[in-house]
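S.K.: Encoded as structure tokens, here's the structure I'll be asking about.
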Amino acid sequence: MTKESSKAPPLYPKTHLLAASGIAALLSLALLVFPSSDVEAKKTTLSLELESPAEQLTQDQDAADVAQATNEPVTSPFAQIEDSAEEAQETAQTKPAPVVEEKKAPNHREVIVAKGDTLSTLFEKVGLPATSVHEVLASDKQAKQFSQLKHGQKLEFELNPEGQLINLHSKVSDLESITLTKNDKGYAFNRITAKPTVRSAYVHGVINSSLSQSAARAGLSHSLTMDMASVFGYDVDFAQDIRQGDEFDVIYEQKVVNGKAVGNGPILSARFTNRGKTYTAVRYTNKQGNSSYYTADGNSMRKAFIRTPVDFARISSKFSMGRKHPILNKIRAHKGVDYAAPRGTPIKAAGDGKVLLAGRRGGYGNTVIIQHGNTYRTLYGHMQGFAKGVQTGSSVKQGQVIGYIGTTGLSTGPHLHYEFQVNGVHVDPLGQKVAMADPISKAERARFLAQSQPLMARMDQEKSTQLASNKR
Ligand SMILES: [Zn+2]
């Protein structure tokens with residue numbers, strides 16, 4: 001409705017309000033008897049509707065916007081990943097800590113910090129007097145970092161033949177160690193930070209229980225598993241589409257110090273086979289320095305959405321996160337875009353996806369909600385009716401007609417109310433945030449292929465080597 005954004009809303013007579021709240025109640029009743037599994041979510045919508053039907057009516061064409069119907073919580077596929085990662089961490093931390101280890105050199109001592117240890121008790125264990133603890137701590141401001149001891153930390157002592165401390169060394173992390181070295185004045189403190197080298201690592205896994213468990217077993221870290229799910233998030237619905245036998249290959253950057261992996265960088269390339277269909281991804285940084293993932297042949301992983309789901313329509317109300325209502329003096333959001341068009345005008349799916357709902361939904365009237373991969377969701381409200389074959393659970397292709405313009409639900413004229421969500425957050429479908437990445441430009445295509453082809457070839461090679469060695 002064009003009036004909506006600029007003018008004060010019409011004042012509805014009381015009888016109209018009553019009738020409208022009656023309609024809302026009836027719709028809600030209908031929702032309650034739906035034999036559907038997401039009745040819970042609909043109940044939330046219901047309570048929102050009944051709270052203030054009058055306010056909804058004064059809002060705009062779609063009073064239904066108050067109850068953002070696509071807001072229901074979805075069980076996250078990552079909940080499991082989270083759990084198992086924590087478990088892994090716990091087990092890693094509970095390794096036993098031996099007390100004192102004598103080393104080959106008689107003037108070298110090593111102590112591992114145990115519960116209750118202080119710098120004094122550790123000095124005592126290697127036979128150093130209490131005075132030398134004070135001497136050490138007083139020698140340099142930073143020396144007190146040696147008293148911030150962690151359970152399991154190793155302290156290495158070098159003593160001179162007289163039994164005096166000449167060097168104290170400890171690794172604080174995989175990348176950092178601290179030392180104190182005796183000099184004329186006392187002890188000099190030093191911090192050594194190792195610079196990791198970066199190499200690429202390969203991992204291959206087959207899913208037989210959950211993605212998180214299979215990825216962990218294959219040796220893929222929690223955060224890389226999350227990254228992989230996000231890279232393929234458009235094509236694969238990791239919440240619902242994962243099947244036993246799905247498999248993945250990943251080449252990623254690994255940070256190494258002294259031959260030990262201390263951290264990971266980004267995924268460089270990956271392949272995911274979901275129910276027999278294989279998707280590829282290659283990370284590419286263009287000449288402007290922007291990194292993004294592309295398919296092996298250079299198409300963007302994020303496929304373009306149709307920007308306008310209705311042809312020959314005009315925008316009658318834009319997206320707004322909130323504006324002060326001139327009469328109600330309240331902040332109100334319109335989390336979608338309205339397209340006014342004659343009754344019966346076809347409405348098209350903005351992208352490939354799965355129909356989560358094709359049915360009535362409160363004030364939205366006849367509504368279609370489409371899930372696009374893991375990340376995106378679109379909603380189409382107030383439809384006159386649904387196109388043939390479009391029903392809850394069916395799949396739709398981009399551009400496929402899903403229904404027709406109408407004015408069902410709480411609507412005052414024929415229009416489409418269209419919402420777009422990214423990871424559960426409403427975004428303006430007309431805004432830049434939804435602008436999808438373009439394929440590799442012609443000018444960079446050769447450079448891209450020079451990077452992607454060796455990565456793909458390496459995944460092929462590593463996978464066959466791994467499979468061969470597993471068979472032995
Ligand atoms: Zn609207």
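The values are calculated or read from the model by the stated rules, or taken from the named source; none is laboratory data. From a predicted model like this one, the values you see are computed outputs, not experimental measurements. Cβ atoms come from the backbone with ideal geometry, glycine included; neighbour counts cover every protein chain shown. In case anyone asks, the SASA skips ligands and DNA or RNA and just uses the protein heavy atoms, side chains included. Shrake-Rupley method; radii C 1.70, N 1.55, O 1.52, S 1.80 Å.
S.K.: Considering only the stretch 391-430, give the strands (runs of 3 or more DSSP E) lying wholly within it that have at least 1 residues that are within 13 Å of the ligand (Cβ to nearest atom) and crowded, with 17+ Cβ neighbours inside 10 Å. Please lay out each step first, then the result.
M.R.: Values: elements: 401-404, 415-422, 425-427.
Because the criterion is at least 1 residues that are within 13 Å of the ligand (Cβ to nearest atom) and crowded, with 17+ Cβ neighbours inside 10 Å, the strands (runs of 3 or more DSSP E) in the stretch 391-430 that meet it are 415-422, 425-427.
S.K.: Still on this structure, please answer the following. For Arg271, work out the one condition from (1) open to solvent by 40 Å² or more (accessible area, probe 1.4 Å); (2) under 21 Å from the mean Cα position of the chain (by Cα) it doesn't fulfil.
M.R.: Among (1) open to solvent by 40 Å² or more (accessible area, probe 1.4 Å); (2) under 21 Å from the mean Cα position of the chain (by Cα), Arg271 violates only (1).
S.K.: Look at Glu135 and say whether it is of a type in the set (D, E, K, R) and in contact with a strand residue (DSSP E or B) (Cβ under 7 Å, 6 or more places away or on another chain).
M.R.: Working: of a type in the set (D, E, K, R): yes; in contact with a strand residue (DSSP E or B) (Cβ under 7 Å, 6 or more places away or on another chain): no.
No, not satisfied.
S.K.: Quick check on the stretch 130-172: of everything there that is touching a Gly at 6+ places or on another chain (Cβ under 9 Å) and part of a loop (DSSP other than H, G, I, E, B), which residue is nearest to Ala194 (Cα to Cα)?
M.R.: Here the answer is Asp140.
S.K.: Still on this model: Does any residue of the stretch 391-402 turn out to be modelled with pLDDT under 90, of a type in the set (D, E, K, R) and in the same structural domain as Pro346 (by TED's automatic domain parsing)?
M.R.: Quick first cut of the stretch 391-402, residues modelled with pLDDT under 90 only: 397-400.
Imposing the further condition that a residue be of a type in the set (D, E, K, R) reduces the set to 397.
After this cut, where a residue has to be in the same structural domain as Pro346 (by TED's automatic domain parsing) as well, the list is 397.
Yes, the stretch 391-402 contains a residue that is modelled with pLDDT under 90, of a type in the set (D, E, K, R) and in the same structural domain as Pro346 (by TED's automatic domain parsing).
S.K.: So Ser170 ticks every box in (1) open to solvent by less than 30 Å² (accessible area, probe 1.4 Å); (2) closer than 25 Å to Ser300 by Cα but one. Which box is left unticked?
M.R.: Of (1) open to solvent by less than 30 Å² (accessible area, probe 1.4 Å); (2) closer than 25 Å to Ser300 by Cα, only one is false for Ser170: (2).
S.K.: Give the residue, chosen from Asp235, Asp227, that is open to solvent by less than 60 Å² (accessible area, probe 1.4 Å) and either among the charged types (D, E, K, R) or under 22 Å from Leu455 (Cα atoms) (or both). Full working, then the answer.
M.R.: On the way: Asp227 fails: open to solvent by less than 60 Å² (accessible area, probe 1.4 Å).
Every option except Asp235 fails the conditions.
S.K.: Identify all residues within the stretch 333-362 that are within 13 Å of the ligand (Cβ to nearest atom) and either part of a strand (DSSP E or B) or open to solvent by 10 Å² or more (accessible area, probe 1.4 Å) (or both); write none if there are none.
M.R.: The first filter runs over the stretch 333-362 and keeps only residues within 13 Å of the ligand (Cβ to nearest atom), leaving 333-340.
Within the stretch 333-362, Ala333, His334, Lys335, Val337, Asp338, Tyr339, Ala340 qualify.
S.K.: Looking at the stretch 455-472 only, could you name the residues that are within 30 Å of Ile440 (Cα to Cα) and open to solvent by less than 70 Å² (accessible area, probe 1.4 Å)? If you could, list the steps in order and put the result at the bottom.
M.R.: Filtering the stretch 455-472 for residues within 30 Å of Ile440 (Cα to Cα) gives 455-464.
Hits for the stretch 455-472 are Leu455, Met456, Ala457, Arg458, Met459, Glu462, Lys463, Ser464.
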